[in-house]
Amino acid sequence: MAPPRLLLVGAGGHGRAVLAALRDAGWPLPAGVLDDDPACPGLPGVPWLGPVDRAAALRAEGLGAAHVALGGNARRRELGEQLLGLGFDLPPVRHPTAVLAEDARLGAGSVAMPRVVLGAAATVGRHVILNTGSIVEHDCELAAACHIAPGAVLGGGVRIGEAAMVGILAGIRPGIRIGAGATIGLGAAVVADVPVGSVVGGVPARPVRQGAPPPARPPGE
Ligand SMILES: CC(C)(COP(=O)(O)OP(=O)(O)OC[C@H]1O[C@@H](n2cnc3c(N)ncnc32)[C@H](O)[C@@H]1OP(=O)(O)O)[C@@H](O)C(=O)NCCC(=O)NCCS
């Protein structure tokens, strides 16, 4: 079946990357892009159709398939589930250079960018980003809305919790569990399970002291 004409959500850097993957994979040019930024110029060749809350009207007008191309994991999951609830189909997007084992599964709304490798019996939930050149080995289980950043490598049987982020060039030892919402710093070597919501980095990975919070506003400002 020919790939459908998508409604994209998100006209930022990840939106441009998804558009490039769609073009390389021979999908038709998306019908338009939604983005809450009123100054949004759209994407190259793809018109801006308004803020995200236009999705329901566009569904009623007959658009049937969509992709949420936002880098933020929580927002991508929220909007992806909203679109599914509105009756949109969210077909997984696969760059032609991505190698997926025959029995690997890529969930609705997920994307496999150029040169991804997804190993035997690996399962990937909804709204997941497998970014450029990442390797997800056999039997890994990736929950919804996580992001495996460029060049990261997951050994066999790794489990990644919902909306977790594995940073650029990080490596995860086989069989490790990464908790929901955790962040793995770029370049980390993860050799032990990572608790829910924690931020780790380094070789071997240890908890990272997070950057200073933004300065408090003076009263009345
Ligand atoms: C780990 C990370 C989330 C921390 O970000 P942050 O909270 O803004 O932290 P800061 O940059 O203020 O650094 C805080 C401390 O952690 C250290 N640190 C930051 N990133 C680190 C990393 N990847 N590995 C080891 N230590 C790290 C800093 O040197 C600093 O140490 P100090 O307190 O001794 O000076 C971030 O640096 C990171 O690696 N993000 C992943 C980016 C990525 O891969 N994105 C994918 C885009 S496609």
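The values are calculated or read from the model by the stated rules, or taken from the named source; none is laboratory data. From a predicted model like this one, the values you see are computed outputs, not experimental measurements. Ideal geometry is used to build each Cβ from the backbone, glycine not excepted, and the neighbour counts take in all protein chains shown. For the accessible areas, the whole protein counts, side chains as well, though only heavy atoms, and no ligand, DNA or RNA atoms are used. Shrake-Rupley method; radii C 1.70, N 1.55, O 1.52, S 1.80 Å.
Can you pull out every residue in the stretch 155-189 that is surrounded by 18 or more Cβ atoms within 10 Å (Cβ to Cβ), over 19 Å from the mean Cα position of the chain (by Cα) and within 13 Å of the ligand (Cβ to nearest atom)?
A188
Collect the residues in the stretch 136-147 that are assigned to a strand (DSSP E or B) and either farther than 15 Å from V93 by Cα or away from the ligand (no atom under 16 Å from the Cβ) (or both), keeping them in residue-number order. First the steps, then the outcome.
Narrowing the stretch 136-147 to residues assigned to a strand (DSSP E or B): 136, 141-142, 147.
Matches in the stretch 136-147: V136, E141, L142.
Quick one: which residue in P91, P96, P28 is within 18 Å of S134 (Cβ to Cβ) and surrounded by fewer than 20 Cβ atoms within 10 Å (Cβ to Cβ)?
Working: P91 fails: within 18 Å of S134 (Cβ to Cβ); P28 fails: within 18 Å of S134 (Cβ to Cβ).
None of the others qualify; the one that does is P96.
Among the strands (runs of 3 or more DSSP E) confined wholly to the stretch 27-108, which include 3 or more residues that are touching a residue at least 24 places away in the same chain (Cβ under 8 Å)? Outline the logic, then answer.
Details: elements: 32-34, 48-50, 65-68.
Ranges flagged: 32-34, 65-68.
Looking at (1) crowded, with 18+ Cβ neighbours inside 10 Å; (2) over 21 Å from G201 (Cβ atoms); (3) not assigned by TED's automatic domain parsing to the domain that holds G15, which is the only condition D103 fails?
Of everything listed in (1) crowded, with 18+ Cβ neighbours inside 10 Å; (2) over 21 Å from G201 (Cβ atoms); (3) not assigned by TED's automatic domain parsing to the domain that holds G15, D103 misses just condition (1).
If the requirement is being open to solvent by 10 Å² or more (accessible area, probe 1.4 Å), at pLDDT 95 or above and within 16 Å of the ligand (Cβ to nearest atom), which of these qualifies: G133, G125? Outline the logic, then answer.
On the way: G125 fails: within 16 Å of the ligand (Cβ to nearest atom).
Step by step, each of G133, G125 is checked, and only G133 is open to solvent by 10 Å² or more (accessible area, probe 1.4 Å), at pLDDT 95 or above and within 16 Å of the ligand (Cβ to nearest atom).
Which residue is farthest from the ligand (Cβ to nearest atom), if the candidates are limited to the stretch 190-204 and must be open to solvent by 30 Å² or more (accessible area, probe 1.4 Å) and among the β-branched types (V, I, T)?
If we take residues in the stretch 190-204 being open to solvent by 30 Å² or more (accessible area, probe 1.4 Å) and among the β-branched types (V, I, T), then V196 is farthest from the ligand (Cβ to nearest atom).
Just one of (1) more than 18 Å from G107 (Cα to Cα); (2) open to solvent by less than 10 Å² (accessible area, probe 1.4 Å); (3) out of contact with any Lys or Arg (no Cβ under 8 Å at 6 or more places or on another chain) trips up V9, so point out which.
It is condition (1) that V9 fails.
Being over 21 Å from A74 (Cα atoms) and either open to solvent by 10 Å² or more (accessible area, probe 1.4 Å) or of a type in the set (G, A, S) (or both) is the filter here; which residues of the stretch 136-150 pass it?
Scanning the stretch 136-150 gives E137, H138, D139.
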